[in-house]
Amino acid sequence: MKKIILSLAVVFVSLVSMAQKPEFFKTMGETLGQFSTCKNVADFQALGNKFQMIADVEKTEWLPLYYHAHCYIIMSFMEQTDAAKKDSYLDVAEKSVAKLIEMVPNESEVFALQSFYYVARLVVNPAERGQEFSGLSGQAVGKALALDPTNPRAQLIKLQGDMGSAQFFGKDPKSFCPQAKELLTKWDNFKPKSPIHPSWGKDQLMGIVKGCQ
Amino acid sequence: MKRSIFYILLSLLCQIAFSQTIITGKVTKEQGEVLPGANVYLKGTYDGTSANENGQFIFKTAKTGQFDLQAEFMGYEPVSRKVELKGDTIRMNVQLKEAFNQLNAVIITAGTFEAGDKRQAITITPLDMVTTAGAKGDVYGALQSLPGTTTNGESGRLFVKGGDSEESQTYIDGSLVYVPYNPSAPNLSTRGRFNPFMFKGTIFSTGGYSAEYGQALSSVLLLNTNDMPAEDQFDLSFLSIGAEFAGTKLWKNGAITGSLTYNNLAPYMSITPQNYDWVKAPESKTGALSVRQKTGKTGMFKLYSSFENGGFTINQKNLDQGGSPFDYKLANDNYFMNASWNGQLGEKWAMTSAASFTNNKDDIRFNQTTVGKRIVGVHLKNVFSHPFTEKFTLKFGGELFAKTFSQNVQMPAEMHYNSFTNHTIAGFTEAQVYASSKFVTRIGARVEYSDYLKSVNLSPRLSAAYKVTGNSQFSLAYGWFYQNPLDDYLLYTNRINPERADHYTFSYQSSINKRTLRIELYYKDYKDLVKTNGVAFYLPSSYSNLGSGYAKGLDLFWRDNKTIKNGDYWISYSYLDTKRDYRNYPEKVIPTFASKHNLAVVYKHWFSGLRSLAGINFKYSSPRVYNDPNSPIFNGEKMLPYRSLDLSWSFLYRKNIIFYGAVTNVLGFKNEFGRRYASSPDSGGNYPSAAIEPGSNRFYVLACFITLTRKGDANQLDKIE
């Protein structure tokens, strides 16, 4: 009996000491793991809250802020009707993106995210914002590709933009299919710097390639 | 027994080992509504959670000691509370206060239609000016589908809330445009001088505007030109009435655009039926240059300069000589220059400087008479603004309006030359105070002195807005407005004073999800209007400030961007009740420019398959009055109602090529704007007359806009996307 109690006590003590260590990687990993379970605006908001909390502790890390902005951009896409709400989510994302650019001005992923953010602004009101935000989005993705031509997310955002505009002008967006397929085959060649670096986008690309068939 | 001891020990151990504290509570707004999604966490740790749909939160932490519990939610001031973690349960409810943010705070909307804002509370945008059917690509034409305006088909100018067209002023980038309209023949419609593509934003204020603006009794139209162009480009526009070529070149932080425009209505008029006999169809040549330069971190310098030369000759019936026809010839030279700079001066001060210069010459010849008119105008303005706090902003500034107007009339037997020069200097100040994000007041005053009239005026201005709910608000505006009398009177006298109008405006606006409703009630009290006694126009004693009048009405506006997919419509209705005694009126009567009921229905539909934006537009104005000198009742005659159904079609052929077509008055409603009369009766004692008709029953526009860039994918109507 005593043995059991003792061994349990040892386990608990070691758990406590582990929890007291700043486990940035572990927490980030766990929080990122929840991405796939998020289904609605509230889920993403809760997830964004976590990243916000982590960003607050880890003032020199850019990844928590990156995912914080990413969550709020996704929220704007998930919100179905209320344009004012969409804009309010994007106001939050905008601040994080601006901080990111100050923090890591040479990070390709950040500009790819900024481009994605502009697309979200455009989608709120395409008629009014089409010209301004398609231009801004194009500039941002251009910067992302200049910093790292192999960044698959930047290539994906550019591809989506090109396909959208082809469709709009009555050209066949499928002319971009070979490009999409090529990007998919190369996708896994791009190795994120760590397991918690951005790696999203493959599902969207597979969706596009599927649409090509 | 052994087992229970084990569990007790275990739970005890858990407590000691983890010393877990449970923190639970509820996050609400000040008014008690819950805030789902609020972030609650211990500052500096990874411990925290989000409030659930009932605003409740619960989380455990293994930390001990003093920590800050932070609660935050977008749009609210974060709240931080000290907590002592010692392994028990902490219950804590947190109230969050809405953060003050001018972007989301209430804005004063009484009398104002603002456009070009990236926010949702948009009522009309610059794009509307181009795509509204019936506007014919004219800034003023588009504004005439908004409430508070009355369409006067024989003028084309803006008539706002019972005000004459001279009572409206146009400002570009903060400075006055002395001659905003193209010259036109008597009783024929004109249009604005400026291409709507030049502007990124407009504010159309139909009353109760800021102390910053003076010398306008009825309305101000504030046009803001585009900022920096995105890339080098070359624009070609071909219209059924002319062509334009424009080139833009960028450099670091700056850009220059040069354009040449040539319009000639002769080919168009030769193939479409016209109601008048044009000897020489309207023709104009314009050269314009615009420069943009960013200065420092925040500053922007803009310069626009244009020279236009135009003219026409029209053959009209001379009612005084038994209807024998004569030629009326007009030649116009207009030079306009406008410059502005705005930016920050240090951390807290913002400054806007604006200047404009106009030199406009009209040379008119008819029936052995020549009339030369010349306006030389300068406007200088400087405005400072300083936000003392987020909620209190003070604005002040000064301006100078200098104008010389001269008129030279030569007839076979006589010749008159008259001119005057006036300098009006003005100073103004205005404070904007937010009591909260729901309530704002703006209090200002303006002083003006005219050296020609030797008059000093003080105009108080007051406005306020209160947000009832997130989406709806009430606004009030009040003020005194002064304007110098008509140039035609000032040529002969300076013994009159500026005219005055007091505005009382009450407005309600609700904007929910791309649907906007606006209801506005107003009353305008006109004082000191100039009257002429009809004895002799050249005697100063013929003019007095004894006139007066009123205008009251109801304006309704409904815009819905939502109900119809890819469709957008608005309905504008204005009820106007006005009478005035001014100019040569014998008593207080309804003026000729006022319609009791004005209706505009505008619909636009985006056909994505056809890459086309189609517009349809219906306008109705109830019959206006006019004066028949043969009748004892002044302004006793009624003209036909004004009706027009207009269509437009914009087609995006390529990303850089747009085709555009429009027809006004498709159904061919008969529109007539009263009659004009001879200045003296014939031998039978009757004043002969002729109907005033529009230039043509229908107007057609065909156009093609091409934009060439290095990338080859920009266009002038990109916004349609």
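Within the range B:98-119, does at least one residue satisfy the condition of being in contact with a Gly (Cβ under 9 Å, 6 or more places away or on another chain), assigned to a strand (DSSP E or B) and at pLDDT 80 or above?
Let us first name the residues in the range B:98-119 that are in contact with a Gly (Cβ under 9 Å, 6 or more places away or on another chain), namely B:98-99, B:101, B:104, B:108, B:110-117.
Checking the rest, the ones that are also assigned to a strand (DSSP E or B) come to B:98, B:112-114.
Now narrow it down to the ones that are at pLDDT 80 or above: B:98.
There is at least one residue in the range B:98-119 that is in contact with a Gly (Cβ under 9 Å, 6 or more places away or on another chain), assigned to a strand (DSSP E or B) and at pLDDT 80 or above.
In this structure, does A:Val119 turn out to be within 14 Å of chain B (Cβ to nearest Cβ) and within 20 Å of the chain's Cα centre (by Cα)?
Values: within 14 Å of chain B (Cβ to nearest Cβ): yes; within 20 Å of the chain's Cα centre (by Cα): yes.
Judged against the criteria, A:Val119 is a match.
Anything in the range A:164-175 that is part of a helix (DSSP H, G or I) and either farther than 17 Å from B:Asn656 by Cα or not aliphatic (A, V, I, L, M) (or both)? List them, or say none.
The first filter runs over the range A:164-175 and keeps only residues part of a helix (DSSP H, G or I), leaving A:164-168, A:173-175.
Passing the criteria: A:Gly164, A:Ser165, A:Gln167, A:Phe168, A:Pro173, A:Lys174, A:Ser175.
Strands (runs of 3 or more DSSP E) wholly in the range B:615-687 with at least 1 residues that are among the polar types (S, T, N, Q) and assigned by TED's automatic domain parsing to the domain that holds B:Gly162 - which ones? Don't jump to the end; show me each part of the working.
On the way: elements: B:642-654, B:657-664, B:675-677.
Correct list: B:642-654, B:657-664.
I need the full set of residues from the range B:7-36 which are of a type in the set (A, V, I, L, M, F, W, C) and at pLDDT 55 or above, in order please. Walk me through it before giving the result.
Quick first cut of the range B:7-36, residues of a type in the set (A, V, I, L, M, F, W, C) only: B:8-10, B:12-14, B:16-18, B:22-23, B:27, B:34-35.
Those that are of a type in the set (A, V, I, L, M, F, W, C) and at pLDDT 55 or above: B:Phe18, B:Ile22, B:Ile23, B:Val27, B:Val34, B:Leu35.
Testing A:Gly48 on (1) over 16 Å from A:Ser199 (Cα atoms); (2) within 10 Å of chain B (Cβ to nearest Cβ); (3) modelled with pLDDT under 90, one condition comes back false. Which one is that?
(3)
Quick check: anything in the range B:651-660 within 18 Å of B:Tyr276 (Cβ to Cβ) and not small (Gly, Ala, Ser)?
Going through the range B:651-660, the residues within 18 Å of B:Tyr276 (Cβ to Cβ) turn out to be none.
Scanning the range B:651-660, I find no residue that is within 18 Å of B:Tyr276 (Cβ to Cβ) and not small (Gly, Ala, Ser), so the answer is no.
If you check A:Glu107, A:Glu58, which single one turns out to be free of Cβ contacts under 8 Å to residues at least 60 places away in the same chain and within 25 Å of B:Gln20 (Cβ to Cβ)? Explain how you work it out, then say what you get.
Details: A:Glu107 fails: within 25 Å of B:Gln20 (Cβ to Cβ).
Answer to the check: A:Glu58.
Out of everything in the range B:50-69 that is at the interface with another protein chain (Cβ under 8 Å from one of its Cβ atoms) and closer than 20 Å to A:Val57 by Cα, what residue ends up being nearest to the chain's Cα centre (by Cα)?
For the range B:50-69, the residue satisfying everything is B:Ser50.
Would you point out which residue out of B:Gly322, B:Gly372 is in the same structural domain as B:Asn422 (by TED's automatic domain parsing) and either open to solvent by 60 Å² or more (accessible area, probe 1.4 Å) or in contact with a Cys (Cβ under 8 Å, 6 or more places away or on another chain) (or both)? Full working, then the answer.
On the way: B:Gly372 fails: either open to solvent by 60 Å² or more (accessible area, probe 1.4 Å) or in contact with a Cys (Cβ under 8 Å, 6 or more places away or on another chain) (or both).
Among B:Gly322, B:Gly372, only B:Gly322 is in the same structural domain as B:Asn422 (by TED's automatic domain parsing) and either open to solvent by 60 Å² or more (accessible area, probe 1.4 Å) or in contact with a Cys (Cβ under 8 Å, 6 or more places away or on another chain) (or both).
Sort out which residues of the range B:604-638 are farther than 30 Å from B:Phe651 by Cα, open to solvent by less than 40 Å² (accessible area, probe 1.4 Å) and among the charged types (D, E, K, R), and write them in order of number.
B:Arg624, B:Asp628
Assess whether A:Gly170 counts as being open to solvent by 40 Å² or more (accessible area, probe 1.4 Å) and at positive phi. Show your work before the answer.
Numbers: open to solvent by 40 Å² or more (accessible area, probe 1.4 Å): yes; at positive phi: yes.
When the stated conditions are applied, A:Gly170 passes them.
If B:Ala690 satisfies all but one of (1) in a strand (DSSP E or B); (2) open to solvent by 20 Å² or more (accessible area, probe 1.4 Å), what's the number of the condition it fails?
(2)
For the range A:182-205, how many residues meet the condition of being open to solvent by less than 90 Å² (accessible area, probe 1.4 Å) and assigned to a helix (DSSP H, G or I)?
Within the range A:182-205, the subset open to solvent by less than 90 Å² (accessible area, probe 1.4 Å) is A:183-184, A:186-188, A:190, A:192, A:194, A:196-202, A:204-205.
Now narrow it down to the ones that are assigned to a helix (DSSP H, G or I): A:183-184, A:186-187, A:202, A:204-205.
Residues flagged as open to solvent by less than 90 Å² (accessible area, probe 1.4 Å) and assigned to a helix (DSSP H, G or I) within the range A:182-205 amount to 7.
Suppose we filter the range B:533-564 for residues that are without any contact (Cβ under 8 Å) to a residue 60 or more places away in the chain and assigned to a loop (DSSP other than H, G, I, E, B); how many remain?
Number satisfying all stated conditions: 10.
Identify all residues within the range A:66-84 that are open to solvent by less than 20 Å² (accessible area, probe 1.4 Å) and under 18 Å from A:Leu113 (Cα atoms); write none if there are none. Talk me through it step by step, then tell me what you get.
Here is the first cut: in the range A:66-84, the ones open to solvent by less than 20 Å² (accessible area, probe 1.4 Å) are A:66-73, A:75-76, A:83.
If the condition is that a residue be open to solvent by less than 20 Å² (accessible area, probe 1.4 Å) and under 18 Å from A:Leu113 (Cα atoms), then A:Tyr66, A:Tyr67, A:His68, A:Ala69, A:His70, A:Cys71, A:Tyr72, A:Ile73, A:Met75, A:Ser76 are the ones that fit.
Residues to consider are B:Asn226, B:Asn187; find the one that is under 25 Å from B:Ser340 (Cβ atoms), at pLDDT below 95 and either aromatic (Phe, Trp, Tyr) or open to solvent by 40 Å² or more (accessible area, probe 1.4 Å) (or both).
On the way: B:Asn187 fails: under 25 Å from B:Ser340 (Cβ atoms).
After ruling out the rest, the residue left standing is B:Asn226.
Quick check on the range B:63-75. Is at least one of its residues small (Gly, Ala, Ser), open to solvent by 30 Å² or more (accessible area, probe 1.4 Å), in a loop (DSSP other than H, G, I, E, B) and modelled with pLDDT of 80 or more? Full working, then the answer.
Start the filter on the range B:63-75 by keeping residues that are small (Gly, Ala, Ser), which leaves B:65, B:71, B:75.
Now narrow it down to the ones that are open to solvent by 30 Å² or more (accessible area, probe 1.4 Å): B:75.
From what is left, the residues that are in a loop (DSSP other than H, G, I, E, B) are B:75.
Next, only the ones that are modelled with pLDDT of 80 or more stay: B:75.
Checking the range B:63-75: at least one residue is small (Gly, Ala, Ser), open to solvent by 30 Å² or more (accessible area, probe 1.4 Å), in a loop (DSSP other than H, G, I, E, B) and modelled with pLDDT of 80 or more.
Do you know which of the residues in the range B:26-42 that are facing chain A (nearest Cβ under 7 Å) and in a loop (DSSP other than H, G, I, E, B) is farthest from A:Phe51 (Cα to Cα)?
Taking the range B:26-42 and keeping what is facing chain A (nearest Cβ under 7 Å), we get B:36-37, B:39, B:41.
Next cut, in a loop (DSSP other than H, G, I, E, B) only: B:36-37.
Working: B:Pro36: 17, B:Gly37: 14 Å.
Top of the filtered list is B:Pro36.
Can you find, within the range B:573-600, the residue that is farthest from B:Lys638 (Cα to Cα) among those that are in contact with a His (Cβ under 9 Å, 6 or more places away or on another chain) and touching a residue at least 60 places away in the same chain (Cβ under 8 Å)? I'd like the intermediate steps shown before the answer.
Initially, the range B:573-600 is screened for residues in contact with a His (Cβ under 9 Å, 6 or more places away or on another chain), giving B:573-576.
Okay, now just the ones that are also touching a residue at least 60 places away in the same chain (Cβ under 8 Å), so B:573-574, B:576.
Working: B:Tyr573: 21, B:Ser574: 19, B:Leu576: 16 Å.
Going through the qualifying residues, I end up with B:Tyr573.
Would you list the strands (runs of 3 or more DSSP E) that sit entirely within the range B:197-256 and hold 2 or more residues that are over 15 Å from the mean Cα position of the chain (by Cα)?
Counting at least 2 such residues, we get B:233-239, B:242-251.
With the condition kept exactly as written, say whether any residue in the range B:572-582 is acidic (Asp, Glu) and crowded, with 17+ Cβ neighbours inside 10 Å. So that I can check it myself, show each step before the final result.
Residues of the range B:572-582 that are acidic (Asp, Glu), as a first pass: B:577, B:581.
Then drop every residue that is not crowded, with 17+ Cβ neighbours inside 10 Å, which leaves B:581.
Yes - at least one qualifying residue is present in the range B:572-582.
Condition first: open to solvent by 30 Å² or more (accessible area, probe 1.4 Å) and touching a residue at least 24 places away in the same chain (Cβ under 8 Å). Now tell me which residues in the range B:245-257 satisfy that. Show your work before the answer.
Here is the first cut: in the range B:245-257, the residues open to solvent by 30 Å² or more (accessible area, probe 1.4 Å) are B:245, B:249-253, B:256-257.
Those that are open to solvent by 30 Å² or more (accessible area, probe 1.4 Å) and touching a residue at least 24 places away in the same chain (Cβ under 8 Å): B:Asn253, B:Ile256, B:Thr257.
Just to check your reading of the model, which residue among B:Gly553, B:Gly479, B:Gly549 is surrounded by 16 or more Cβ atoms within 10 Å (Cβ to Cβ), small (Gly, Ala, Ser) and within 30 Å of B:Gly615 (Cα to Cα)? Lay out the reasoning, then the answer.
On the way: B:Gly479 fails: within 30 Å of B:Gly615 (Cα to Cα); B:Gly549 fails: within 30 Å of B:Gly615 (Cα to Cα).
Going through B:Gly553, B:Gly479, B:Gly549 in turn, just one is surrounded by 16 or more Cβ atoms within 10 Å (Cβ to Cβ), small (Gly, Ala, Ser) and within 30 Å of B:Gly615 (Cα to Cα): B:Gly553.
Conditions: (1) among the aliphatic types (A, V, I, L, M); (2) open to solvent by 30 Å² or more (accessible area, probe 1.4 Å); (3) more than 30 Å from B:Glu390 (Cα to Cα). B:Leu330 meets all but one. Number of the miss?
Failing condition for B:Leu330: (2).
The values are calculated or read from the model by the stated rules, or taken from the named source; none is laboratory data. Bear in mind that the values here come from a model prediction, so they are computed numbers and not experimental data. Every residue, glycine among them, receives a Cβ derived from its backbone with ideal geometry; neighbour counts consider all protein chains shown. Note: accessible area is taken over every heavy atom of the protein model, side chains too, but ligands, DNA and RNA are not part of it. Shrake-Rupley method; radii C 1.70, N 1.55, O 1.52, S 1.80 Å.
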